Amino acid sequence: MVYEDACFHAHQDYGVPIPGFIVISSKRHLRSMSDFNEEEQKNFGIILCKVRTAMEKALDIKTVYTAQKERDKDPFHFWILPRYPWISEMFGNSTASISNSLDYAKDKLKTEENLKAVVASTDKLYKYLN
């Protein structure tokens, strides 16, 4: 976890070991942004801006992909994926590159060295945000 408020928590997804890949999840079981109450609407904008700013300031991440997949059974998750050069080089810049890079990371990036980089980036974001 790098940050939380009354409605959301933001965390590194260690199942997808890409340094700085942050997921914002709702504390209430929601399917979509359209289910947000007024407090959640306000807080989501604030946490999204705080986390994105921290990614840029603490990790020097200049550009990101963002995505939210709506499923009936899964709670609300909003992905903030750094656009590292290797993602564009391997998968291009289309929206398909998001799922392709996530799948690649799950299969190929679970190395000791990369997991250390993920932990280090998480620590930097936590310190910046708290």
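Read-outs: derived from the displayed coordinates by stated rules, not from any lab. Just so it is clear, the model here is predicted, and its values are computed rather than measured. Neighbour counts run over all protein chains shown; Cβ positions are idealised from the backbone, glycine included.
Between S101, S32, the distinction of being over 15 Å from the mean Cα position of the chain (by Cα), more than 17 Å from L125 (Cβ to Cβ) and not hydrophobic (A, V, I, L, M, F, W, C) belongs to S32 only. Selection of the stretch 16-56 for residues being of a type in the set (V, I, T) and part of a helix (DSSP H, G or I) yields I46, I47, V51, T53. Count of the stretch 63-115 residues, restricted to those that are farther than 28 Å from C7 by Cβ, polar (S, T, N, Q) and loosely packed, with under 12 Cβ neighbours inside 10 Å, is 3.
Looking only at residues of the stretch 1-15 that are among the aliphatic types (A, V, I, L, M) and assigned to a loop (DSSP other than H, G, I, E, B), we find that the one that is surrounded by the fewest Cβ atoms within 10 Å (Cβ to Cβ) is A6. Those residues that are under 16 Å from V16 (Cβ atoms), within 15 Å of the chain's Cα centre (by Cα) and surrounded by fewer than 17 Cβ atoms within 10 Å (Cβ to Cβ), I need them from the stretch 116-130; list them, please. Answer for the stretch 116-130, where residues must be under 16 Å from V16 (Cβ atoms), within 15 Å of the chain's Cα centre (by Cα) and surrounded by fewer than 17 Cβ atoms within 10 Å (Cβ to Cβ): just V119. The single condition among (1) charged (D, E, K, R); (2) over 16 Å from the mean Cα position of the chain (by Cα); (3) part of a loop (DSSP other than H, G, I, E, B) that E113 does not satisfy is (3).
Only a single criterion out of (1) among the polar types (S, T, N, Q); (2) without any contact (Cβ under 8 Å) to a residue 24 or more places away in the chain; (3) in contact with a helix residue (DSSP H, G or I) (Cβ under 8 Å, 6 or more places away or on another chain) is not satisfied by N37, namely (3).
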